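The values are calculated or read from the model by the stated rules, or taken from the named source; none is laboratory data. Just so it is clear, the model here is predicted, and its values are computed rather than measured. With ideal geometry, Cβ positions are generated from the backbone for all residues, glycine too; neighbour counts draw on all protein chains shown. For accessibility, only protein heavy atoms count, side chains too; no ligands or nucleic acids. Shrake-Rupley method; radii C 1.70, N 1.55, O 1.52, S 1.80 Å.
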Amino acid sequence: LSADLFSLGDTLSRSELPRRLKPANINFHMRVGREHAAMSILRRHLMAARSSPLIPIPASLYADIAQGFFAAEIVEIGETAWRIASRGQMQTVRFDDIGSRTVDVQGSRGVLGYSRHGPALYVALDEAVHAAVIRLTDGPAVVSRIADAELSESRWRVRNLVRESSRIAFEAEGYGPGEFDWRVRAGTTCQVTAKRDNAELWTDSAQAGESGYLRFTVPVSAVVPMTIEIDACRRRGKA
């Protein structure tokens, strides 16, 4: 039984905050299948990964992300604004110790959304936008319409986000069920539809509670990319 496999859970839990510095890659030899204890530990790690707020990606994509880190061009264009270009597959930017500041998504370009982990603010960029612009703001984020929706969590990779007055659409790709959290106005109900090559694969309604998170899960395989549309939105008690 590999000591690395046995202690992986402790390593991850003790190195998660204030920030994760290295990736976790669960790899194993086929002989693990001969040992009951090793198989039990492997299943436990896989279940933990499936239940964690992670986006599973191929190891080759992680290598591309690392290369994008070294190639990225970051230019300060204002007191709290930056342009990030030539970043390859690196689509996450981290801000440390910025207090209660958030991202001005409407004033930014190529920003899908953001989330907090510990003291850090993580900003997700759209790989379809070559030169993204991130603007921070001291005021609370205001989401008054679906076009202003902000991605908070996603189990799949998201790109090619299109914002229109009454809908948003984006391309998604990934493994397992597609779990999404979008920040919208509290009490908003929307229709969510998954399509591939203009053929409808799945559709359902989703409602945001008082917290303002529109949560839904797309139960369709996304190994082949698909388009997800969020439209026909209305607020509770509104026609």
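Per residue, the average separation of C-alpha pairs within less than 8 Å and at least 6 apart gives region 15-95 a relative contact order of 20 percent. Once backbone amide H atoms are built at 1.01 Å from N, Gly176 has Ala222 as its partners under 5 Å, excluding neighbours fewer than 5 places away on the same chain. Rounded, prolate or oblate: pick one for region 67-155, where a ≥ b ≥ c are the square roots of the eigenvalues of its C-alpha gyration tensor, a/c under 1.5 means rounded, and failing that, prolate if a/b is larger than b/c, else oblate. Because its axes are fairly even, with a/c under 1.5, region 67-155 counts as rounded.
Going by the alpha-carbon gyration tensor, a ≥ b ≥ c the square roots of its eigenvalues, is region 1-124 rounded (a/c under 1.5) or, if a/c is not under 1.5, prolate (a/b greater than b/c) versus oblate? Kindly include the intermediate steps, with their values, before the conclusion.
Details: a/c = 3.03, a/b = 2.14, b/c = 1.41.
Because a/c hits 1.5 or more and a/b exceeds b/c, region 1-124 counts as prolate.
Comparing Glu73, Glu127, Glu35 in a Gaussian network model of the chain, where Cα atoms under 10 Å apart are tied by springs, the biggest mean-square fluctuation is seen for Glu35.
Residues whose amide H comes within less than 5 Å of that of Leu201, counting only those at least five positions distant or on another chain, are Ala194, Lys195, Arg196 (H built at 1.01 Å from N in the peptide plane).
Note that region 94-149 presents 45 Å² accessible area per residue, ligands and nucleic acids not counted, probe 1.4 Å.
Computing the accessible area with a 1.4 Å probe over protein heavy atoms, can you report the carbon and sulfur percentage for region 72-142?
On the way: 1630 of 3480 Å².
Carbon plus sulfur share of accessible area: 47 percent.
Projecting the Cα positions of Thr80, Ser165, His130 onto the charge dipole of the chain (unit charges on Cβ atoms of Lys, Arg, Asp and Glu, taken about the Cα centre) puts Ser165 furthest along the positive direction. Computed from Cα positions, the angle between helix 59-71 and the longest principal axis of the chain comes to roughly 60 degrees.
Using 0.36 nm per residue, how much length does the chain from Arg94 to Thr11 gain when fully extended, once their Cα-Cα distance is taken away?
Working: separation 83, 0.36 × 83 = 29.88 nm, distance 2.19 nm.
Net length gain for the segment: 27.7 nm.
Across the chain the C-alpha pair distances fall into 10 Å bins from zero in the proportions 7, 27, 33, 23, 8, 1, 0 percent. Helix 3-14 and the longest principal axis of the Cα set of the chain meet at an angle near 30°. Could you give the angle, 0 to 90 degrees to the nearest 10, between helix 36-51's Cα long axis and the longest principal axis of the Cα atoms of the chain? Around 10 degrees separate the two axes. Under a GNM of the chain (C-alpha, springs under 10 Å), which listed residue has the highest mean-square fluctuation: Asp148, Asp197, Asp126? Checking each option, the largest mean-square fluctuation is seen for Asp197.
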